[in-house]
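Asks: Have a look at this one.
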Protein chains: 2
Amino acid sequence: MARHTGAETVVFSSPVCITATASTVGTKEGEGPLGKLFDRVLKDNMAGEQTWEAAESVMVKDNFGILFEKSGVHPDFLIAGDLQNQCCGTNYGVRDLNIPTFGVFDACATFGEALALAAVMTDSGAAENVAAGVSSHFCSAERQFRFPLELGNQRPPTSTYTVTGAGAAMLSKNGTGPYITAFTAGKITDYGVNDANNMGAAMAPAAAECISMHLRDTGRNADYYDLIATGDLGCVGRELLLQLLKKDGTDIADNHMDCGIEIFDKAAQDTHAGGSGCACSAAVFAALLYKRLKRGELNRLLLVPTGALMSPTSIQEGESILGTAYAVAIENEVIKWNI
Amino acid sequence: MARHTGAETVVFSSPVCITATASTVGTKEGEGPLGKLFDRVLKDNMAGEQTWEAAESVMVKDNFGILFEKSGVHPDFLIAGDLQNQCCGTNYGVRDLNIPTFGVFDACATFGEALALAAVMTDSGAAENVAAGVSSHFCSAERQFRFPLELGNQRPPTSTYTVTGAGAAMLSKNGTGPYITAFTAGKITDYGVNDANNMGAAMAPAAAECISMHLRDTGRNADYYDLIATGDLGCVGRELLLQLLKKDGTDIADNHMDCGIEIFDKAAQDTHAGGSGCACSAAVFAALLYKRLKRGELNRLLLVPTGALMSPTSIQEGESILGTAYAVAIENEVIKWNI
């Protein structure tokens, strides 16, 4: 049964199992440090299609296919999203799957939102099995949010590199762990950042607030978690996050990692501040963190996908870039919450 | 407790109350047949802002404010969305509200999705009170999906007119009815329609399938409902819906209305096929249908927001326009489901 703590956090005292995960990435991600862990690496980033957008939809569809095969389950509902205008990567990706789909959007934090809603839906009895999945594509994102690739623009050192890929997880009432035991839905933060090439700075305050709220609501210390994994803050955002939390008296320097920093080799792959995009946290969770939980190398993970809310129109109109984050507690034991 | 029927429908046997609704619309909607029913009518569609996008965000914020005042409740979570790229109408609208927000997108069906997810969240115990809200703005939508307004393009007779407005509902575990008793989450349909000026044709098959699935899953006949209200099919889409359902042996000609047809006076207001946009079904529900339920003039309503999934990029790349729909059963009695 789900229970609202009276603040921003929801806790689950019954099992909400993650029974399987699936990951697909592009060529560059396949050549990175985690390359061998992904379920599928594209041979070329067009995926046999004529457009980048269609290539992203192929990844969405095929990655859900991998998930259904690995879990042995055809889910009741999908909760899914991506970065394309009007979430087209998802919509065209799932149209042949014949499964009702709830479209969600929280920029690069979408995987956190999808996991949270899927957990509530599974726990409530509204569904037996729900699949949460997201995608992003460097080429479709770059031309949409910044400049056409053909311009050959220089990317500043603070910029991140959108991950080409898809990540998904199957949530079920029945099965073995790991389990989603709680989530904290972050509030939107506005620190006045308006540089679309510095997403880390826009998102770090949201991540810091969300982690702080989560620890406060659950009565846990940061070192309760074996690992706190943010989504795509990159090198710039990670430093800001550590500083912001330290001001608050919380030190996570030793048990923090950022999926965006891990997915690329910064020196060798020319990716500047790190990876980003919806698929960044989702694919790294699916390929690396979920397996480490399964093997017992991690027992208590706080996954914190982070998002920068903006559009080219909002930037051109002088708006700042908003930050958001979801903190999802994923543990090898079901917790009997008493809050 | 929510219960999955094993198909596309979720039923609730405990009260999920809609304790209040709020509606805000633009000048043209205010001059229409329902003009006097809305909580607020803008004096001008810029709402005192410099851009259409910012005007939409002001409506979002103020309309949630009206909802909080009418319900006397500050909700735990918001579930909200709109038509702007990256859901910016919502994100900039809620940034000052200090409430965790789940961003959702299902084009003009977004209000149905938001109600469904808010119902599950309320019913599960994950929250005491959840507000579901959506918005759209004729000017921000027209330039984003079709042509800049300054071009002065002629609109064909099949085109619909995006409603400028916002609609929202407060869902609570405690309170009096009307109650959300069930919802059916539609599957994405693709009938190969690729005319962005004929959304009714793209959405009608999705509405027909969703209504059929709902009746099948709940074991109800169409005449169980006092009213089946679709979102924004318009005149063209309504005719197609009636034909498609008739082929299936279901006749809803006598108990169907379309919010898009009701919100404007077609002859006097030059709105062609009718109104559309996320706010169309939401504002008409909030201003008209909810009040009719409250007064007992309606006791059993099936609200079916409909959506056309596409973006200018997907249309330019030759993709068809996908359809989606959610059917939400809203009744004056709690139903003890036995399915």
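Read-outs throughout are calculated quantities, based only on the coordinates presented, and are distinct from any laboratory measurement. Everything numeric here is computed off the predicted structure, so don't read it as measured data. Neighbour counts run over all protein chains shown; Cβ positions are idealised from the backbone, glycine included.
Asks: Using Cα springs under 10 Å in a Gaussian network model of chain A, which residue among A:R238, A:R143, A:R300 shows the largest mean-square fluctuation?
Replies: A:R143
Asks: Okay, moving on. Only counting other Cβ atoms within 10 Å, I'd like A:H214, B:H272 sorted with the fewest neighbours first.
Replies: B:H272, A:H214
Asks: Now, a different point. How much length is gained on full extension from A:L151 to A:R292, taking 0.36 nm per residue of separation minus their Cα-Cα distance?
Replies: That pair, A:L151 and A:R292, stretches by 46.7 nm at full extension.
Asks: Follow-up question, since we're still on this one. With label points built 7 Å along Cα→Cβ from the Cα atoms of B:N194 and A:E239, find their separation and express it in nm.
Replies: 4.9 nm
Asks: Using a 7 Å offset from the Cα along the Cα-to-Cβ direction at both B:Q269 and B:N255, what is the distance between the two label points in nm, to one decimal?
Replies: 2.7 nm
Asks: Lys/Arg Cβ at +1, Asp/Glu Cβ at -1, dipole of region B:73-138 taken about the Cα centre: which of B:Q84, B:N98, B:S135 is farthest positive-ward?
Replies: With unit charges placed on the Cβ atoms, the residue in question is B:Q84.
Asks: Note down the magnitude of the dipole of region A:230-333 about its Cα centre, charges +1 on Lys and Arg C-beta and -1 on Asp and Glu C-beta and zero elsewhere, to the nearest 20 debye.
Replies: About 320 debye.
Asks: Still on this model: Looking only at the protein assembly as shown, where both bridge partners belong to it, what percent of the DSSP beta bridges are antiparallel (to the nearest 5)?
Replies: Counting only bridges with both partners in the protein assembly as shown, antiparallel ones make up about 65 percent.
Asks: For B:A229, what is the net charge nearby, where nearby means another residue's Cβ is under 9 Å from its Cβ and Lys, Arg count +1, Asp, Glu -1?
Replies: It works out to a net charge of -2.
Asks: How high is the relative contact order of region B:260-318? Use alpha-carbon pairs under 8 Å, at least six apart in sequence, and give a whole percent.
Replies: Answer for region B:260-318 is 20 percent.
Asks: Taking region A:290-339, which GluC sites (Glu not before Pro) meet the DSSP loop condition and have no more than 12 other C-beta atoms within 10 Å?
Replies: A:E297, A:E333
Asks: Place a point 7 Å from the Cα of B:D226 along the Cα-to-Cβ direction; which residues of region B:293-335 have their backbone N under 11 Å from it?
Replies: B:293-302, B:331-333
Asks: Separate question: Can you check what the net charge comes to around B:L245, using other residues whose Cβ is under 15 Å from the Cβ of B:L245 (Lys, Arg +1; Asp, Glu -1)?
Replies: -2
Asks: What is the order of A:L302, A:L227, fewest Cβ neighbours within 10 Å to most?
Replies: Going from sparsest to densest Cβ surroundings: A:L227, A:L302.
Asks: Can you work out the FRET efficiency for the pair A:N174 and A:K246, with r the C-beta to C-beta distance and R0 = 51 Å, to the nearest 0.05?
Replies: 0.75
Asks: Taking the dipole about the Cα centre of region A:2-172, with the C-beta of Lys and Arg at +1 and of Asp and Glu at -1, give me whichever of A:V120, A:L34, A:L171 is farthest to the positive side.
Replies: A:L34
Asks: Under a point spin-label approximation (7 Å from Cα along Cα-to-Cβ), what is the A:R216-A:A7 distance to one decimal in nm?
Replies: Rounded to a tenth, the inter-label distance reads 0.5 nm.
Asks: Please compute the contact order of region B:16-172 in relative form: average sequence separation of alpha-carbon pairs under 8 Å and at least six residues apart, divided by the residue count, as a percent.
Replies: Relative contact order comes out at 32 percent.
Asks: Provide a whole-number value for the mean count of partner chain Cβ atoms within 10 Å of the Cβ atoms in peptide B:53-62.
Replies: 1
Asks: Still on this structure, please answer the following. Assign one of three labels to region B:209-310, namely rounded, prolate or oblate, based on the Cα gyration tensor with a ≥ b ≥ c the square roots of its eigenvalues; rounded applies when a/c is under 1.5, prolate when it is not and a/b is larger than b/c, and oblate otherwise.
Replies: oblate
Asks: For A:D39, B:D62, which order do you get if you count the other beta carbons within 10 Å of each Cβ and list the fewest first?
Replies: B:D62, A:D39
Asks: Using alpha carbons only, how many angstrom separate the centre of region A:234-297 from the centre of region B:262-336?
Replies: 42 Å
Asks: Express the relative contact order of chain B as a whole percentage, based on alpha carbon pairs under 8 Å and six or more residues apart in sequence.
Replies: For chain B, the relative contact order is 25 percent.
Asks: Give me the extension gain from B:E31 to B:D96: residue separation times 0.36 nm, minus the current Cα-Cα distance, reported in nm with one decimal.
Replies: Result for the pair: 20.3 nm of gain on full extension.
Asks: Sticking with this structure for a sec: Would you work out which of A:C210, A:F183, A:Q316 lies farthest towards the positive end of the dipole of region A:179-331, given +1 charges on the beta-carbon of Lys and Arg and -1 on that of Asp and Glu, about the Cα centre?
Replies: Selected residue: A:F183.
Asks: May I ask for the net charge around A:L288, where only other residues with Cβ less than 14 Å from the Cβ of A:L288 are counted and Lys, Arg are +1 while Asp, Glu are -1?
Replies: -1
Asks: To continue, here is another question. I need the shape label for region A:1-102. Rule: rounded when a/c is under 1.5, else prolate if a/b > b/c, else oblate, with a, b, c from the alpha carbon gyration tensor.
Replies: prolate
Asks: Please give the charge dipole size of region A:19-169, origin at the Cα centre, charges +1 on K and R Cβ atoms and -1 on D and E Cβ atoms. Round to the nearest 20 debye.
Replies: About 340 debye.
Asks: While we're on this one: Which value, in debye to the nearest 20, describes the size of the charge dipole of chain B about its Cα centre when Lys and Arg Cβ atoms bear +1, Asp and Glu Cβ atoms bear -1, and nothing else is charged?
Replies: Once rounded to the nearest 20, the dipole reads 620 debye.
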